[in-house]
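Have a look at the structure below, then the notes.
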Amino acid sequence: MYFQVHQPFRIRKGFSIFDIGKSQDYFDDKKNKDILSKVAEKCYLPANNVLLDALNSFEGFKVAFSITGTALEQFRDSSPEVLRSFKALANTGRVEFLAETYHHSLAFLFDKEEFRQQVADHLRIIKEFFGQKPRVFRNTELIYSDDLAKEVSKLGFKAVLAEGADKVLGQRSPNFVYDAKGSGVKLLLKNYRLSDDIAFRFGDRNWQGWPLTARKFAEWIKNSEGDFVNLFLDYETFGEHQWADTGIFDFLKSLPAELKNAGLEFFHPSDLIKFGSKVSLSVPELVSWADTERDVSAWLGNDLQKSAAAQLYRIKGAVLRSDDAQLIDSWRRLTTSDHFYYMCTKWFNDGDVHKYFNPYDTPYEGYVAFMNVLNDIVHRLKRRNFLGSGKFTAKVLKKNKSSVKRKRGA
Amino acid sequence: MLNPKVLMFGWEFPPFKSGGLGTACHDLVKGLASFDTKVTFVMPSNLKKDVSFVDLVGVDVNAVESSLSAYAQPGDCPDSVYGFDLFGEVERYAERSVDIAKKFDFDVIHAHDWMTYKAGILAKKISGKPLVVHLHATEFDRTANNPHPHVEFLEMQGLQQADLIITNSFFSKNNILLHYDVSPDKIKVVHWGIDQDNPAYSLNFSSELSKQNRIVLFLGRLTIQKGGDYFLQAAKKVLEFEENVKFVVAGSGVMMHQLISQAHNLKIDDHVIFTGALKGEDVHKAFQMSDVFVMPSVSEPFGLVALESLINKAPLIISRQSGAGEVIKNCFKVDFWDINKMANYIVGVLRYPALKRELKRNGFKEVLAHDIYKPAKAVLDIYHEVLGWES
């Protein structure tokens, strides 16, 4: 079992053209704090309690977490009790932490150097907070391809997580270790059917599996083919996506005992390597764990997302040259994939899961707020000559009209 | 299924129109015709016009020696259907409805907006047939809460005498409940749609003006309801950031002089173009040559122009005080008074080609779902309900 924990630094919705050149108040501290304290109360704290009890009561119980740097920073600064409770889990010695990009970014798709930097930053904070050196890697939203495996192998990881999507596996089962083709790392695949039974279907009274008890679920796992079953879940499943009144915490509480009673064993992701692989899988196209498409279209599917991402990464050189820690940090916070998710128009008209996670009324508002912040960064870089003029369209309030008269149609 | 025969009272019907009401009546009647519903449409003009899907009946509302008075009001377009002696015309229109109610065979009466309510009430009295009143805008919308007492009185009578009321949005329904003492159960909401087949949509029009400038469009009557003054204030803000932008104000009305002076006082008159009222194809051309259309209405029961903008692939910014916002998602929504936000989004659309492309593409796709048949079917169901017929 691996749980994903992430919180982005959400942008201040009202950051407008009038703020460009005047305000560096990009992120909505209050909203970020409010959301964190809500999720802490509904999910992180109660779920951590359940897991800590289980770890204390069952010697064989093990779990893994991937917690992003942006989430850890926010725990440290505004919710120290959450950080303490994760540290308490780590202190049992039976929680494995995975590596990912510090900023939960799409950097791998745009800039390998930035990707490596963000992985290094994440390794550093995991070491600092939990005293561990991760050996297994999971990329943002389980975005994966052969190229990622090669890159991750170079960084010294032994295994990498990916979605056990039908288009990856064909008729094969996700319940075996696979070789990631041409890389030397092992591929650990999500069993999406069983994972989604918990993540999406648990509280659905129209689902034929409802009500899902831990005993029933243990049976399903026991009857699965293969060496093991990988349950990869957003941690917010517990208490946030599936509310407490669905019985999700009771389920989590009973699961370790029921799995043990069924004669099953728990593994950390890094333990699985020992099973060895029989087959090598090639995944030339990008896959992810999102939507039915299982691709990257939730973040980079439309022109808003593509143009925003392209413009963001285009200024990286200048951002780093500025040597301004605060500016660099702000820029990195913009690389977080959530900002691009907010601009998704794919499901906007149906208003489903994307809407639930979206602080904006429309993807267009998300884009404008992002671009205004980005343009303020561009403006700061230009003012200090780290960026030349002309390449970017950012303009700021004219102080002296006559001095900035530009040629019409230029 | 047996469909009722409808006696419909309206004030506008293209080409005799001044705004969205005429288009709305035309589209509704056309939609009803597609469901084999026979409509007799009565309007205050002795027009000679053949329209295949409706029986148009013109009534002469002119007093013996008046008709030139329609031209008397400065700022109004010469072909305005709202004459100087409007109250007199409304009275004479109502009087003539008595004969019409006796002469024609119908099952239900449908009256559009306050001008025709009295006619509807009289026809109901004479025939005993149920009355549906359609409210496209309240007097409070039109006047930003400074109603003319006589109009308010006529509107109130129509709403109270009606067996059922149709309005174009929940926004409008709430407005009715706020200002008039009628039961909420009596009010049905039917969101408006747009006629999808018009060759003018595919003209792909551009002009020298739009080749050399970015165009921000306002299109509507120049009255306090439509918020042209907020448009100009936002224009002033936009021009602090962007050059090569022209703000086109398309429409006429009593506020025209005020808006021209406002543009002058804001020192943006060289960026603002007043076109007067546009008709027919020109309306669609205006949308097509624009980079973004802004509808800053102070109080807009629906706002059919919002759909016209999308079907002509002009990105859309609308006020939150509008009914169209209840059905349209692919646009920006701002409070009419929030000129900073309005300017922020205008600049966004002008500045970022990707934003403009996505708004155009998704807005166009979305508007195709809002045709004229869905609302017509809903109206037909309301006729059945008021008659107690099975539908």
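Length available on full extension from residue A:245 to residue A:208: 0.36 nm per residue minus the Cα-Cα distance, which gives 11.4 nm.
The value for the range A:1-156 of Rg(Cα) / (2.2 N^0.38 Å) is 1.14. Close amide H pairs (under 5 Å, H built 1.01 Å from N) link residue A:159 with A:137, A:186, residues at least 5 positions away or on another chain. Between residue A:154 and residue B:202, the modelled labels are 5.1 nm apart [label points 7 Å from Cα along Cα→Cβ]. Near the amide H of residue A:97, within less than 5 Å, lie the amide hydrogens of A:65, all on another chain or at least 5 residues away, with H placed in the peptide plane.
Between residue A:22 and residue A:87, the FRET efficiency estimated from the beta carbon spacing at R0 = 60 angstrom works out to 0.90. Computed from the alpha carbon positions, the gyration tensor of chain B leads to an equivalent ellipsoid with semi-axes of 36, 23, 19 Å, biggest first. Using the Karplus relation 6.51 cos²θ - 1.76 cosθ + 1.60 with θ = phi - 60°, the per-residue 3J(HN,Hα) values for the range A:311-322 come to 5, 5, 6, 5, 9, 3, x, 5, 4, 5, 4, 4 Hz, with x marking Gly and Pro.
Placing +1 on the Cβ of each Lys and Arg and -1 on the Cβ of each Asp and Glu in the range B:201-347, which of B:287, B:247, B:304 has its Cα farthest towards the positive end of the resulting dipole? Most positive-ward Cα: B:304.
Taking each of A:127/A:154; B:38/B:313; A:316/B:237; B:186/B:333 in turn, the alpha-carbon distance tops 25 angstrom for B:38/B:313; A:316/B:237; B:186/B:333. Straight-line cross-link partners of residue A:13 among the aspartates and glutamates, defined as a Cα under 17 Å from its Cα and at least 8 positions apart when in the same chain: A:25, A:28, A:29, A:34, A:338, A:361, A:365, A:376, B:335, B:338.
Relative to the longest principal axis of the Cα atoms of chain A, helix A:363-383 runs at roughly 50 degrees.
Placing unit charges on the Cβ atoms of the charged side chains and taking the dipole of the protein assembly as shown about its Cα centre, the candidate lying farthest along the positive direction among B:117, A:189, B:278 is A:189. Stretching residue A:167 away from residue A:41 to a fully extended chain increases their span by 41.6 nm, per 0.36 nm per residue minus the current alpha-carbon distance. Residue by residue, the range B:249-258 carries 3J(HN,Hα) couplings of 9, 9, x, 9, x, 5, 8, 4, 4, 4 Hz when phi is fed to the Karplus relation 6.51 cos²θ - 1.76 cosθ + 1.60 (θ = phi - 60°); x denotes Gly or Pro. With a cut-off of 11 Å between beta carbons, the residues surrounding residue B:315 carry a summed charge of +3, where Lys and Arg count +1 and Asp and Glu -1. Normalised by 2.2 N^0.38 Å, where N is the number of residues, the alpha-carbon radius of gyration of the protein assembly as shown equals 1.15. Taken over the range A:155-248, the ratio of Cα radius of gyration to 2.2 N^0.38 Å equals 1.22.
Given R0 = 25 Å, the distance between the Cβ atoms of residue A:293 and residue A:181 translates into a calculated FRET efficiency of 0.65. What the Cβ-Cβ distance of residue A:132 and residue A:200 gives, at R0 = 35 Å and to the nearest 0.05, is a FRET efficiency of 0.70. With the simple spin-label model, which puts each label point 7 Å out from Cα in the Cβ direction, the residue B:266 to residue A:125 separation comes to 4.5 nm. Karplus-based coupling profile of the range A:32-42, in residue order and whole Hz: 4, 5, 4, 5, 4, 5, 5, 5, 4, 6, 7, with θ = phi - 60° in 6.51 cos²θ - 1.76 cosθ + 1.60 and x standing for Gly or Pro. Mean projected area of the convex hull spanned by the Cα atoms of chain A, taken over all viewing directions: 21.1 nm². Using a simple spin-label model with pseudo-atoms 7 Å out from Cα toward Cβ, residue B:357 and residue A:223 lie 5.0 nm apart.
FYI, it's all coordinate maths here, none of it is from the lab. The model shown is predicted, which means the values in this text are computed figures rather than measured ones. Because the Cβ atoms are built from the backbone with ideal geometry, glycine has one as well, and the counts that use them run over all protein chains shown.
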